[in-house]
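Worksheet: one structure, shown below.
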Amino acid sequence: MNTATPRALKTVTVLAAAAGLMALGVGAASAHVHVDPESTSAGGFSQLTFKVPNESETAKTTKLTVTLPTGTPFTSVSVKPLDGWSAKVAEAKLPAPVTVEGATITKAASTVTWTADAAHQLGQHEYQTFSISVGRLPSAGTTVSLPVAQAYSDGTVVNWNEAETPGQAEPNHPVPSFVTTAAADEHAPAEAVVDTTAASATAPVTPAPDNTFGILGITAGALGLGAGATALVRTRTVRTRTVQKD
């Protein structure tokens, strides 16, 4: 019995470490402001949902401002109402005229700002989602970057605007972004639409900036759980042999 006890303790330690790694992975994946597009099809409309966690231990998130692209501006922007938050869409003159569907555009929506009332500011360990509907999306393969300014009650402003560089470490405040894919044929039969979607899924897509460490953490956690299970089986085998020997 004494021989099996250290092994059993080792098994418990391995399982606990694996669970910790998995928790770390999930935490890392949710630590950044990021955007989830409902659709990425070029030429179409899409709901863009921003997930915003409060990362301060002493202040609350009071305001959020999303800057919209000017090189490939949206001709339509609308905001989904959110209880306790007022929203404002501001327009601005474009740096240069842009032609969209045969029309020349000189100004477009430039920012969307949400401001919380006192009762709905985001506190510690809280998050909120903010959604807008935009269109039309630019041509396939275009990276749509949406810088976000997150304001806190203590006057701090965190700017999520840092671009990722292939082969280098993820920046501290990566810019929320996504890549457009091939346009869907709205008049094609159902089977053809499915085929088009499947094909577009193979297009190069930049991974969401906050998922890398989450995936690594979950993978490491899974490996740790496997090692723990193996140790548990060995512990039971040793315990059985010890009893039989006695």
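Structure data summary
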item: Label-point separation, SER139 to THR99 (7 Å along Cα→Cβ), nm; result: 1.2 nm
item: Cα-based Rg / Dmax (Å) for region 86-127; result: 16.7, 48
item: Extension gain, GLU126 back to SER76 (0.36 nm per residue minus Cα-Cα distance, nm); result: 14.9 nm
item: Inverse of mean 1/r across different Cα pairs in region 33-187, Kirkwood, Å; result: 16.5 Å
item: Residue order, fewest to most surrounding Cβ atoms within 10 angstrom, among VAL158, VAL148; result: VAL158, VAL148
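Every read-out reported here was derived from the displayed coordinates using simple, explicitly stated rules and does not represent laboratory data. This structure is a prediction, so every number in the text was calculated from the model and none was measured. FYI the Cβ positions are ideal-geometry reconstructions off the backbone, even for glycines, and counts take in every protein chain you see.
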